[in-house]
1. Which value in nm describes the separation of the simple spin-label points at His125 and Arg287, placed 7 Å from the Cα toward the beta carbon?
2. Given +1 on the Cβ of Lys and Arg, -1 on the Cβ of Asp and Glu, and no further charges, what dipole in debye does region 26-212 carry about its Cα centre, rounded to the nearest 20?
3. Roughly how large, in nm² to one decimal, is the mean projection of the convex hull of the alpha-carbon atoms in region 26-212?
4. Tell me the chymotrypsin sites (Phe, Trp or Tyr not before Pro) within region 80-123 that lie in a loop according to DSSP and have at most 15 other beta-carbon atoms within 10 Å.
5. For region 428-496, report the convex hull volume of the alpha-carbon atoms normalised per residue, in Å³, without decimals.
6. Work through the residues other than Ser165 whose Cβ is under 11 Å from its Cβ and net out their charges, Lys, Arg +1 and Asp, Glu -1.
7. Step through the table entries Lys181/Lys442; Lys348/Lys373; Lys181/Lys475, compare each Cα-Cα distance with 32 Å, and write down the pairs that go over it.
8. Looking at the P(r) of region 318-504, how many percent of alpha-carbon pairs lie beyond 27 Å?
Amino acid sequence: MYASREDIGYDFGDDSKVGSKPVKPNPNIDGGWAWMIVLSSFLVHILIMGSQMALGILNMEWLEEFNQSRGLTAWVSSLSMGITLIVGPFIGLFISMCGCRTTAIIGGILNALGWILSAYASNVHYLFLTFGVTAGIGSGMVYLPAVVMVGQYFQKRRALAQGLSTTGTGFGAFLMTALLKYLCTEFGWRNAMFIQGAISLNLCVCGALMRPLSPKDLHEKCVVRSDSEENRAKALSHSTETIKSNGVLSEEPEKKEEAANEEVPGSVQHIEIGGKSGSGRSMYGLRILKTVSQLTVTVRKGFALWYSSYFGAASLFTNRVFVAFIIWALFAYSSFVIPFIHLPEIVKQYNLSRQDNVFPLTSIIAIVHIFGKVVLGIISDLPCISTWNVFLMANFTLVTCILTLPLMQTYVGLAVVCALIGFSSGYFSLMPVVTEDLVGTKHLANAYGIIICANGISALFGPPFAGWIYDITQKYDFSFYIAGLLYMVGIIFLLIQPCIQKKQPREKSTEEAQV
């Protein structure tokens, strides 16, 4: 395997130059308010991801209410889950311009609005717009900031922090399933969605807790990380210089742009000072002009950072390992979603409904999934353990379980495989950590937005594809086999690219020596 997680990524320039003076770390990094950020992210996972895991309750109500096909009705849930993740890159633009706190608060309002408007649905197509699109976009605007903020506030215990926050998905699956079932029974599905919309307004509270770190704090965090990794970074210095010489994240243009942008508010301020002798109406107009100009500068800077991350010289796509990570994400998430969707039908085919009613297999996955995230996070934070290696081992375990699940035809066998699926899928808590190691803290929002977008595509088309395979073969076996093989292709990409990246600097240095 690989000795360190830094061996798998490029230096994207967010680590500042290391000074000789020791830097006093901010008490809120790895402690203090950082744990409030974990709590906020935990609640976000309960309200968003937990609610999406419980949509099966509402799906049955929609089938009965609108009398549409199962395939058409299922697209409501798929759209909501898929769009939550697919909008990730665009939410990165909002974060660059407005920050995580503002983005999350706006998303909370939009998500609640989607739930409330869906209570007045007259047909399934109406739900596509209100619940699938509106609530889905709102969920994405809260979910990405919740993940990014944990990455910003933690350095030494990032994996553990991400593991604790993402356990909200498992807890939410239990809480929201019971809540929606009770609300639908007592008040009907329309009132249930209205009440759930009111509950979703708590996402705004979670967003308000996302207090941003000052640029100085982020700089100190980068310096601390650079100090602890200086020896290992020397091994990659040649490749880093090669990348920077090609124009990756040069800092001078950014400084020039900032200087140019500062001229606009400065000139407005000069006009304002000169106009003090004028009327109050002119002063009011100048203040408005100054506010608009400052807002314009903020938007321009945010868009410039977002655009350069995707399409400029600093494009994230110049990182080959990150591109391989995207390919992996396109196949990975469906392998986790498909069992949740199709296991109840498999249990019915095997005449195991009685045992499954006592302890559902999907509940086994959800429960063990919680422990998997925490345990894998603790293991990854050990000094002698590489997060990258833990991530790969968990992926190998999960793909093995997906391929062997169709071979199990007893409840005990299925329960064991489901437990392994739940534990190994705990690597989801490591995804932000691996992403940050690949691209750095500065580009985490945009990079992780791309990753969850790929996951969203996988979640959107994976279950319908599995159902289509079942319609052709009348078996779910081939659905798991095909999903597992595609998943294995993604893992192979993750294994090949780091080896290529390590080999290239050696080959270049050999050629230069010959010249």
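Only the coordinates and a few stated rules stand behind these numbers; no lab work does. Model, not experiment: these values are computed from the prediction. All Cβ positions, glycine included, derive from the backbone under ideal geometry; neighbour counts span all protein chains shown.
1. With each label placed 7 Å out from Cα toward Cβ, I get 5.0 nm.
2. Charge dipole of region 26-212: 520 debye, to the nearest 20.
3. For region 26-212, the mean projected area of the Cα convex hull comes to 9.9 nm².
4. Tyr120
5. Normalising the Cα hull of region 428-496 by residue number yields 89 Å³.
6. So the environment of Ser165 carries a net charge of +2.
7. Lys181/Lys442
8. Every Cα pair in region 318-504 considered, those over 27 Å come to 29 percent.
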